[in-house]
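The values are calculated or read from the model by the stated rules, or taken from the named source; none is laboratory data. Given the structure is predicted, the values throughout are model-derived calculations rather than measurements. Cβ placement follows ideal geometry from the backbone for every residue including glycine, while neighbour counts extend to all protein chains displayed. The protein model used for the area step is the full one, side chains on, heavy atoms only, and it has no ligands, DNA or RNA in it. Shrake-Rupley method; radii C 1.70, N 1.55, O 1.52, S 1.80 Å.
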Amino acid sequence: MSRHLGLTAADVEHCSPKFWSMMTDPICSLDIAMFTILAAHVGLTIGTLSRHLQRRPDLRPLVDRLLRFDTVGIYLLTERGHGLDAFNIETTATKTRDGFILHTPREEATKFMPASTPAFGIPKVALVNAKLIVDGQDRGARFFIVPICNEHEMYRGVISTRLPTRSGTNPLDFSITQFDNVHLPLTALVASDITDFALPERPLEAWWDEVWRIQLGTMAVPAPWINALKATAFIGGRYSMHRSIVGKNSNTPIISFRTQQWPVLNATAVAMVMDNWFPRSIKFTMADTTDHRVRHAMSVIVKATVCRHFQRCVPEMAERCGAQGTFEHNYMAKIENDGKGVIIAEGDILTLCIRLFSELLLGRYTVPMPLASSSLLAQHAWGLMEENTEMLRSLGDHRSESFNSLVLPQSQSVIEAIGHAMAYATAQEAKLPQPILDIYECSVIRQDPAWYSENVGLNRMTQRRREDAAVTTALPNLNAYLNALRIENYVSAPIVSDGGWKAYVALLPRYTGNATVDPQQVQQIQAVL
């Protein structure tokens, strides 16, 4: 896929349309292990190196190998004992006369999870984040280029411990990586000026500048889950249309039941709204704002909103497909397990939301929320922000135990609400079908029904009737909506059609034989019965 796209270093550095076409290609949702490799290899490794090429032409041969995929790039930032607190890593790169000594001081400092074994027969090189130690002084975390393995074995001093497979997911050699006094040349330092070892004036800001690709990665990693939502809606919808219950006088498709109609239409509406919102969010993040804080905020909002929609829609749709929904060949069970990995990729969703929510409440910057008067969902987002702003004002201190207990637990739900409002406004602007907008609105109201009852007068029965009206209006157009997802060519689940299922079963192992039953054994069984 990488060679097919023909990305350049400039495409990656500046996140060109070609870069985003890779991240959003529906094929990525078919193999999340492949996407995981691509996201780290292209987005993080090549991306980090790309901005230094002008002043570091010596890096060009390595970047060219990476672009050709002759070598796989991995990104070793997080440590086992620190998790998201990556600013306080312990891996050291100690300056020597002719280079650096890279070392893992203890088990807690091992780099956790990126795939670093030679198991798949391809050379790997890593960008390793480590504390630069000069004359015994910590000069801040920097990245270092470290060869990890060739096609057959690890390089001397690099130790990779392969982790067990994550249940029900596409296989990838996730690992724990450590370094035993590995010697690196001076050119291993990832910097435009490899002679600059000065202690940064603002260490935290300098660290964020080092890991600048993480913010873009936070925006990129939800992309496959939008296509996964589309595939799930398509599979569940088509299955529900041909799967029937046999009655006395006729066969009744299960889509005739409201309990089936809601999850199908909900997944369809969410997929259409997210698919419409994502490219517009990319445009805002990459072109319409220069404030890196707002750029990262938008990435967090998009990731939280898309991933939590995914986590609600996919299990519900899989369950409504009964036993068929539990099998790997029907996609949904596997993609649900794979989806759990993206929750922590490029930052755990809840932790990201906590930080963003706190900064928004403290007024450090703002994000472009739609007017409260534009929709119920916008009114909800503004209402939650005002409610928590008032609570913070009454508490007086965002570091107090009361803030920790009363405000922080609201972080994710408020960030999601902002995302819902943004996505809905974008869908309105794009003139998505009104029934789809209505279904999406009802889906979001379901997540906080008490607020809508208390603040805008939608009691439980009113909410139920609005949902009923939305489903009734949308249902006649379901087939057209499924076609509009443009995902059919990427769906291989055999249950989407009766013919597809029968063709699939014909390929499965079949056991027959010529054994006969021993009459004496039959008599023994009958005697027991």
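Give the residues of region 289-311 that are surrounded by fewer than 18 Cβ atoms within 10 Å (Cβ to Cβ) and either on the phi > 0 side of the Ramachandran plot or of a type outside the set (Asp, Glu) (or both), sorted by residue number. Break it down stepwise before answering.
Step one: list which residues in region 289-311 are surrounded by fewer than 18 Cβ atoms within 10 Å (Cβ to Cβ), which gives 289-294, 311.
Thr289, Thr290, His292, Arg293, Val294, Gln311 - these are the residues of region 289-311 that are surrounded by fewer than 18 Cβ atoms within 10 Å (Cβ to Cβ) and either on the phi > 0 side of the Ramachandran plot or of a type outside the set (Asp, Glu) (or both).
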For region 41-99 the number of residues that are part of a helix (DSSP H, G or I), among the small types (Gly, Ala, Ser) and under 15 Å from Met113 (Cβ atoms) is 1
Picked from region 1-18 (must be part of a loop (DSSP other than H, G, I, E, B) and among the hydrophobic types (A, V, I, L, M, F, W, C)), the residue nearest to Leu66 (Cα to Cα) is Leu7
Counting only residues in region 346-365 that are crowded, with 20+ Cβ neighbours inside 10 Å and under 11 Å from the mean Cα position of the chain (by Cα), the one farthest from Leu84 (Cα to Cα) is identified as Ile349
Next on the checklist: Taking the conditions exactly as written (outside any helix (DSSP H, G or I) and under 28 Å from the mean Cα position of the chain (by Cα)), does Gln410 satisfy them or not?
Outcome noted: no
Selection over region 394-407 where residues are within 17 Å of Glu359 (Cβ to Cβ), open to solvent by 70 Å² or more (accessible area, probe 1.4 Å) and within 29 Å of the chain's Cα centre (by Cα) yields a count of 1
Filter region 104-145 for residues that are among the aromatic types (Phe, Trp, Tyr) and modelled with pLDDT under 95; the one that is nearest to Ile176 (Cα to Cα) is Phe112
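Mind telling me which of the residues Ala450, Ala425 ends up being surrounded by 14 or more Cβ atoms within 10 Å (Cβ to Cβ) and more than 20 Å from Ala267 (Cβ to Cβ)?
Only one candidate passes the filter, namely Ala425.
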Checked Leu184, Leu172 against criteria (part of a loop (DSSP other than H, G, I, E, B), touching a residue at least 60 places away in the same chain (Cβ under 8 Å) and of a type in the set (A, V, I, L, M)); the one match is Leu172
Exercise for review: Might you check whether a residue that is farther than 26 Å from Glu336 by Cβ, of a type in the set (Asp, Glu), touching a Phe, Trp or Tyr at 6+ places or on another chain (Cβ under 8 Å) and buried (at least 16 other Cβ atoms within 10 Å of the Cβ) occurs anywhere in region 13-29?
Suggested key: no
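Looking only at region 155-196, which residues are among the aliphatic types (A, V, I, L, M) and within 21 Å of Phe120 (Cα to Cα)?
As a first pass, look at region 155-196 and keep what is among the aliphatic types (A, V, I, L, M): 158-159, 163, 172, 176, 182, 184, 186, 188-191, 194.
Val158, Ile159, Leu163, Leu172, Ile176, listed by residue number.
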Scanning region 100-110 residue by residue, those surrounded by fewer than 19 Cβ atoms within 10 Å (Cβ to Cβ) and not in a helix (DSSP H, G or I) turn out to be Ile101, Pro105, Arg106
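If only one of Leu392, Leu408 is touching a Phe, Trp or Tyr at 6+ places or on another chain (Cβ under 9 Å), over 29 Å from Trp262 (Cα atoms) and without any contact (Cβ under 8 Å) to a residue 40 or more places away in the chain, which one is it? Write out each step before concluding.
Numbers: Leu408 fails: without any contact (Cβ under 8 Å) to a residue 40 or more places away in the chain.
From the options Leu392, Leu408, the qualifying one is Leu392.
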Taking region 429-462 and keeping only residues that are part of a helix (DSSP H, G or I) and β-branched (Val, Ile, Thr), one is left with Ile436, Ile439, Val444, Ile445, Thr462
Conditions (1) among the hydrophobic types (A, V, I, L, M, F, W, C); (2) touching a residue at least 60 places away in the same chain (Cβ under 8 Å); (3) open to solvent by 30 Å² or more (accessible area, probe 1.4 Å) -> Ala323 fails only (2)
Could you check, for region 333-341, whether at least one of its residues is more than 10 Å from the chain's Cα centre (by Cα), assigned to a helix (DSSP H, G or I) and more than 18 Å from Asp31 (Cα to Cα)? no
